[in-house]
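The values are calculated or read from the model by the stated rules, or taken from the named source; none is laboratory data. Every value quoted in this text rests on a predicted model; they were computed, and no experiment measured them. Here the Cβ positions follow ideal geometry from the backbone for every residue, glycine too, while neighbour counts run over all protein chains shown.
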Amino acid sequence: MITVHQLEKHYGDGAQRVQALTPTDFDVYSGEFVSLVGPSGCGKTTCLFMLAGLEQPSAGTIRHNGVTVHGPGKDRGMVFQNYTLYPWLNVRENIRFSQTLRVNRKERVVDDSVEYRIDALLHLMGLEDFADALPRQLSGGMQQRVAIARALLPKPGVLLMDEPFGALDAQTREEMQELLLLINRVERTTTVFVTHDVEEAIYLSNRVLVFSPRPGAIIADINIPFDADRTSDIKLEPAFISLKQSVKQLLHKNDQRNRLSRFEQLTQSSVGEAKVKSI
Amino acid sequence: MSTTKLEMSALKVKEPPVAYAARPPDTDAGKPNHGIWRIRQTLPRRLYVSLAAAGFISAFLAWWITSLSGHFDPIFVPSPAVVAQTAIGLVQDSTLWNDIGTSFMRVVIGFVISAVFAIPIGLFAGTFRPVEALVQPLTEFVRYIPVPALIPILMVLFGIGETPKWMLIFVGTYFQLVLMVADEVRRIPLPLVQVAQTLGATPSEIVNRVLWRAAMPGIFDALRLCHGWAWTYVVVAELVAANEGLGFRILKFSRFLQTPKIWVYLILLGVIGLALDIAFRRLNARLFRWADTTKR
């Protein structure tokens, strides 16, 4: 379980200070698939990077299974938006990478079990014919499959995914979404998934956290009522569509409200300045 | 029944729309668009080699015509035939081979010393900011001191033996190489590092297993480029103080106005450089099949 308490992030200081994430609280329970959804620059990716320990919070705490997060660790796997396979390693070696690191070499008991698990993951991902291929020989979708398998191999407590299908074409993207649902059913890995695609978020998740534009804050925490064995057919169901519409409206309304208040701020301050000058 | 009909009609779209059929035929269809002049268009290998050969041939013709025109004294611009004859004579003489061997060894030793220091220091400068701050500004400063101007100091420090030649090559290539290696390391996408971190890699594992591996093809290419300067500096060193070597011989020939011999040596320097360059490229492509070396 992940507990996020008053998590906050800002960049710069003084006049250049940019608030990326206002103090935020949320929990992710074991086995849950939670999506963080919102427009670009809403702090959802920043939030994910802080969960991964790749960015330091300005304030607040993150606890994973009771342990405070201070930096990256093998208990929190991550899949990035862009292709991050090691080009000099073939598919199998890329997936095995974590097991060759010192942290895992120390506690490894049976060697064969790792190879069996790699085989299983290759199979699950539909990569069994590409085990010896180099990353540059694979399509974007295939590369992301390898990246997911690599992150899953050590059975991380939580899998963090930063718009993993953002760079893929629409069809591959749908394939990957279905694959991810399948993996979820098999692996039951707790997952935090960042996306700006509302449909993707609802389709994949148990819960969706909606972020407002900068400065980021959670404006809604929505339970998704569909089963774990959902298929893409649910995208056509009225319940799905109305859920999607309400999240989109929420984002849209919030965006307008923000712009309006910013506009008012700006006009007021300019009026104020004008008054000062005239005096 | 009615629903099936609807589906059928929805699926029947094979007929081209009228507007499409009525369009005038596309006259450019099938013609190559700009062909080989398209920006960054790749060339067939054979065409590339032919064009490269044409470049050499035109330079050769220009030389030949210049020598025939009579504008220059044949002592200064000897004809290709004279140079070729001279070359045949020189090739049979052991002096030429000794000179090549001597200069080659100087380049190898000087360059290896340079690489042995530059690669690890560049790797760390590209990885850790404190090392960068310590090394890089100083390197940029030294890089702008003209290397030949250091010869008097090197001679005072190291005498006139082999050491000052190695040191000149070292000084001439080390500072460039450090910066190039550091740049290559910095060019590695951050997510490659971050993935390793989330998988539990320690900093030393990230340096050894990610940064070093990922930068290897780029570092190898930096060696290829810097190695060219090594040949420049070995000749500079030999022009100043030496008893053998390609540069020394060129200076000696010039004292006796043996221009055809100078030309032979100059062409030889070009051939050696080009051959080593090609060897470096081939080796790079072979060693790092995983990298798309064609983009370099």
Practice prompt. State all residues of segment A:67-90 that are under 19 Å from A:Thr189 (Cα atoms) and without any contact (Cβ under 8 Å) to a residue 60 or more places away in the chain; if no residue qualifies, say none.
Written response: A:Val67, A:Val69, A:Pro72, A:Gly73
Discussion item. Out of everything in segment B:168-190 that is part of a helix (DSSP H, G or I) and β-branched (Val, Ile, Thr), what residue ends up being nearest to the other protein chains (Cβ to nearest Cβ)?
Written reply: B:Val185
Worksheet item: Of all residues in segment A:87-97, which are within 7 Å of chain B (Cβ to nearest Cβ) and either under 18 Å from the mean Cα position of the chain (by Cα) or not hydrophobic (A, V, I, L, M, F, W, C) (or both)?
Response: A:Pro87
Practice prompt. Tell me which residues, restricted to segment A:60-85, are surrounded by fewer than 20 Cβ atoms within 10 Å (Cβ to Cβ) and aromatic (Phe, Trp, Tyr).
Written response: A:Tyr83
Response to the item:
Checked against (1) in a helix (DSSP H, G or I); (2) within 24 Å of A:Thr45 (Cβ to Cβ), A:Ala239 satisfies every condition except (2)
Response to the item:
Quick count over segment A:64-79, residues being within 12 Å of chain B (Cβ to nearest Cβ) and in contact with an Asp or Glu (Cβ under 8 Å, 6 or more places away or on another chain), is 2
Worksheet, complete the sentence: Counted residues in segment A:155-193 being within 14 Å of chain B (Cβ to nearest Cβ) and among the aliphatic types (A, V, I, L, M) come to 6
Discussion item. Condition (residue is surrounded by fewer than 16 Cβ atoms within 10 Å (Cβ to Cβ) and either more than 23 Å from A:Leu243 (Cβ to Cβ) or basic (Lys, Arg) (or both)) applied to segment A:25-35: is it met by at least one residue?
Written reply: yes
Worksheet item: Listed residues B:Ala149, B:Ala125; which is away from every other protein chain (no Cβ under 14 Å), within 23 Å of B:Ile113 (Cβ to Cβ) and at pLDDT 95 or above?
Response: B:Ala125
Discussion item. Can you find a residue that is touching an Asp or Glu at 6+ places or on another chain (Cβ under 8 Å), of a type outside the set (Ser, Thr, Tyr) and on the phi < 0 side of the Ramachandran plot anywhere in segment B:251-272?
Written reply: yes
Fill in: Considering residues of segment B:134-167 that are in contact (Cβ under 8 Å) with a residue 24 or more places away in the chain and outside any helix (DSSP H, G or I) only, the residue surrounded by the fewest Cβ atoms within 10 Å (Cβ to Cβ)
B:Ile160
Worksheet entry | Residues satisfying the stated conditions in segment B:174-213, i.e. over 17 Å from A:Glu55 (Cα atoms) and in contact with an Asp or Glu (Cβ under 9 Å, 6 or more places away or on another chain) | B:Phe175, B:Leu179, B:Met180, B:Ala182, B:Glu184, B:Arg186
Worksheet, complete the sentence: Within segment A:1-22, residues touching a residue at least 40 places away in the same chain (Cβ under 8 Å) and not aliphatic (A, V, I, L, M) come out as A:Thr3, A:His5, A:Gln6, A:Glu8, A:Lys9, A:His10, A:Gln19, A:Thr22
Discussion item. Just to be sure before I move on: is B:Phe170 within 25 Å of the chain's Cα centre (by Cα), in contact (Cβ under 8 Å) with a residue 12 or more places away in the chain, buried (at least 20 other Cβ atoms within 10 Å of the Cβ) and within 17 Å of B:Glu238 (Cα to Cα) in the structure I sent?
Written reply: yes
Worksheet entry | Residue among A:Thr84, A:Thr46, A:Thr24, A:Thr100 that alone is within 13 Å of chain B (Cβ to nearest Cβ), hydroxyl-bearing (Ser, Thr, Tyr) and in contact with a Leu (Cβ under 8 Å, 6 or more places away or on another chain) | A:Thr84
Practice prompt. Please specify each residue of segment B:76-107 satisfying the condition of being under 17 Å from B:Ala275 (Cβ atoms), in contact (Cβ under 8 Å) with a residue 12 or more places away in the chain and β-branched (Val, Ile, Thr).
Written response: B:Ile100, B:Val107
Item to complete: Please indicate, with yes or no, whether at least one residue in segment A:101-114 is surrounded by 18 or more Cβ atoms within 10 Å (Cβ to Cβ) and touching a strand residue (DSSP E or B) at 6+ places or on another chain (Cβ under 9 Å).
Response: no
Item to complete: Would you confirm whether any residue within segment B:152-161 is away from every other protein chain (no Cβ under 14 Å) and in contact with a Gly (Cβ under 7 Å, 6 or more places away or on another chain)?
Response: no
Practice prompt. Answer yes or no as to whether A:Arg117 is in contact with a Leu (Cβ under 8 Å, 6 or more places away or on another chain) and within 14 Å of another protein chain (Cβ to nearest Cβ).
Written response: no
Worksheet item: Out of segment A:38-83, which residues are touching a strand residue (DSSP E or B) at 6+ places or on another chain (Cβ under 6 Å) and basic (Lys, Arg)?
Response: A:Lys44, A:Arg63, A:Arg76
Discussion item. For segment A:182-201, which positions are more than 17 Å from A:Met78 (Cα to Cα) and in contact with a Ser or Thr (Cβ under 8 Å, 6 or more places away or on another chain)?
Written reply: A:His196, A:Glu200, A:Ala201
Discussion item. Against the definition (under 30 Å from B:Gln136 (Cα atoms) and either in a helix (DSSP H, G or I) or free of Cβ contacts under 8 Å to residues at least 12 places away in the same chain (or both)), how does B:Gly110 come out, yes or no?
Written reply: yes
